[in-house]
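The values are calculated or read from the model by the stated rules, or taken from the named source; none is laboratory data. This structure is a prediction, so every number in the text was calculated from the model and none was measured. Cβ atoms come from the backbone with ideal geometry, glycine included; neighbour counts cover every protein chain shown. These accessible areas exclude ligands, DNA and RNA; they are computed on the full protein's heavy atoms, side chains included. Shrake-Rupley method; radii C 1.70, N 1.55, O 1.52, S 1.80 Å.
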Amino acid sequence: KDWEKDKKSKAAEEMLNLQKRIEKESATEAMIEAKGFKEVYVRINDNGVDVVVNKEKLTEQEIAQIEKIVRNATGFDVDKIQIIPLK
């Protein structure tokens, strides 16, 4: 029966990690939107962060601003952050 406990424990841990990731994604989206961007979608995975912004073109300043927010919120380095403007 120990393996059942381990399995439940592992499942609970995975659920908690998923919940934390979802909360981090939502918080990051809210911080970016607070800077005036509309309809922001943030997706965090093991390899990095994808950020989709509903804006056709982003200035260097806007990209830097988004990168800073995402870096601070997620801990990922800039080279792991992909910002995708939505056309």
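For the stretch 1-38, the candidate set comprises residues that are out of contact with any helix residue (DSSP H, G or I) (no Cβ under 8 Å at 6 or more places or on another chain) and under 17 Å from Gln82 (Cβ atoms); within that set, the residue that is least open to solvent (accessible area, probe 1.4 Å) is Glu25.
When the stretch 44-67 is filtered for residues that are touching a residue at least 24 places away in the same chain (Cβ under 8 Å) and closer than 24 Å to Asn17 by Cβ, the ones remaining, listed by number, are Ile44, Asn47, Gly48, Val49, Asp50, Val51, Val52.
Among residues of the stretch 39-76 being of a type outside the set (Ser, Thr, Tyr), outside any helix (DSSP H, G or I) and open to solvent by 70 Å² or more (accessible area, probe 1.4 Å), the one that is modelled with the highest pLDDT is Arg43.
The set of residues from the stretch 77-87 being under 23 Å from Asn17 (Cβ atoms), part of a strand (DSSP E or B) and open to solvent by 30 Å² or more (accessible area, probe 1.4 Å) comprises just one member, Gln82.
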